[in-house]
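Single-structure report; data block below.
Every number in this text was worked out from the coordinates using simple rules, so none of it is lab data. Note that this is a predicted model, so its numbers are computed, not measured. Heads up, the Cβs are rebuilt from the backbone with ideal geometry, glycines too, and the neighbour counts pull from every protein chain shown.
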Amino acid sequence: MRTPLTGMLPGFPWDTLAAAKATAHAHPHGIADLSVGTPVDPVAPAIRTALASVADVPGYPTTAGTPALQEAAVAALRRRFGIGVGPKAARLGMVPAIGTKEMIASLPSHLGLGVQDTVVIPELAYPTYEVGALLAGARPVRADGTAQLGPAPVTMLFLNSPANPSGKILGVDHLRKVVDWARQRGAIVVSDECYLGLAWDAEAVSVLDERVHDGDVTGLIAVHSLSKTSSLASYRAGFAAGDPALLGELLEVRKHAGLMLPLPVQAAMVAALTDDAHEGEQRERYRRRRDVLRPAVERAGFRVDDSEGGLYLWATRDEPCRDTVDRLAALGILVAPGDFYGPRGGRHVRIALTASDDRIAAAADRLAVGA
């Protein structure tokens, strides 16, 4: 008897926002939708040009990506984050992703995890970490510290820094401790680093930084996205880098599954990864929006916790998160309830910085008069 996978998965959380969204839409001056991390700014001209430059190529792309893409990804990690520049630099493998959500959801399955395996995810976590474990038939466990896990075997552990939803940044010492713990147990560490270039109040460090791994990337995978810093969410452009053996295994599975990033998107990624100027401009847009929105949120009586990096404010009025969602929806502001991300989020909301300048300003004005 067939058992549909949907029966194993949680409900899609954003579906539960329908009523609040309708309320916010009814505001006479329109909705200020701060509930999702969808980019709204234009794609840089050089990226659009690169996309079109290979639009007439009829053949199949390779799953491994073009040599130009492989080189551009590794070079960008080196240039932007200091990965691979020290005396203990390690050779990195790289595999393109059809958006990092797809990569995260499929990693446990594609690396052979199953019902016998445990996958550790953060206590506050992007829902896809749990979904990836469930799709593989593995058991997800929420924990923010290794002491919580005891001696039980763990096969994979997800990290996210700067974190979604909280914006918390994990320091070098914390990352070293996690990597050492995982190696003692033969566990794979997957670090979701799609917000690594968006640190505000602390240094954001990759799990591939030599200070973390001492020159040995065995068992380490970092997942990177161009959705946020290059506004390429619609392109579905990302990649994984790290342990060459693990990524070689992953590549073979993805080749069989036909998970090939379209060639025009690969060309666009090369342009995005080699041009730091557009990334810096986008980062400054988000910084300006943060500088407008965070003071407005705090003046309205919220406490903002963590939020050291990333594209969200993790805010609370010490009330149930759905009450806060409804209160803000009445002002025409839609935010995400913290319970989307785990039980620990039940009294917080996630407020995104990814709306336009106009909508950010509108939200700040409404908070000043109504929250």
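Out of PHE340, PRO28, ALA237, whose Cα points farthest toward the positive end of the dipole of the chain (charges: +1 Lys, Arg; -1 Asp, Glu; placed on Cβ)? Working it through, the farthest residue towards the positive pole turns out to be PRO28. Within the listed set ALA152, ALA237, ALA22, the residue fluctuating most in the Gaussian network model of the chain (springs between alpha-carbon atoms under 10 angstrom) is ALA152.
Report the net charge of residues surrounding GLY370, where surrounding means a beta-carbon distance below 14 angstrom and charges are Lys +1, Arg +1, Asp -1, Glu -1. Don't jump to the answer; show the numbers that get you there.
Details: positive: ARG299, ARG317, ARG327, ARG366; negative: ASP326, ASP365.
Within the 14 Å Cβ shell, the charges total +2.
Extending 7 Å from Cα along the Cβ direction at ASP358 and again at THR49 yields two label points whose distance is 2.9 nm. Put simply, the amide H of ASP144, placed in the peptide plane, has neighbours under 5 Å in GLU123, leaving out anything fewer than 5 places away on its chain.
Could you work out the local net charge near GLY65, counting Lys and Arg as +1, Asp and Glu as -1, over the other residues with Cβ closer than 13 Å to its Cβ? Around GLY65, the surrounding residues sum to +1. So what's the projected area for the range 52-183, the Cα convex hull averaged over all directions, in nm²? With every direction weighted equally, the projected area is 10.5 nm². Computing FRET efficiency as 1/(1 + (r/R0)^6) for ARG344 and GLU102, where r is the C-beta to C-beta distance and R0 is 30 Å, gives about 0.70. Each part reduced to its alpha carbon centroid, the range 215-281 and the range 173-188 end up 24 Å apart. Distance between the 7 Å Cα→Cβ label points at VAL85 and HIS29: 4.4 nm. When only alpha carbons of the chain are considered, Rg and Dmax amount to 20.5, 60 Å. What's the angle, to the nearest 10 degrees (0 to 90), between helix 244-257's Cα axis and the longest principal axis of the chain? Long axis of 244-257 versus the principal axis of the chain: about 80 degrees.
So which GluC sites (Glu not before Pro) in the range 170-274 are both in a DSSP loop and have at most 11 other Cβ atoms within 10 Å of their Cβ?
Details: sites: GLU193, GLU203, GLU210, GLU249, GLU252; in loops: GLU193, GLU203.
Filter output for the range 170-274: GLU203.
Between ALA32 and ILE333, LEU334, the built amide H atoms are under 5 Å apart, and every one of these is 5 or more places off in sequence or on another chain. Size descriptors for the range 148-299 (Cα atoms only): Rg and Dmax, in that order, 17.3, 54 Å.
A straight line joining the Cα centroids of the range 309-371 and the range 115-160 runs 27 Å.
Only helices enter the 222 nm calculation for the chain: every DSSP H run of n ≥ 4 contributes -39,500 (n - 2.57), and dividing by all residues gives -12000 deg cm²/dmol, rounded to 500.
Given the convex hull over the Cα atoms of the range 209-329, what projected area results after averaging over all orientations, in nm²? Before the final figure, lay out the partial values.
Numbers: hull surface 45.3 nm².
That works out to 11.3 nm², a quarter of the Cα hull's surface.
Taken along the Cα-to-beta-carbon direction at a fixed 7 Å, the label points for GLU298 and ASP180 span 3.5 nm.
If both residues of a DSSP beta bridge must be in the chain, then about 55% of such bridges are antiparallel.
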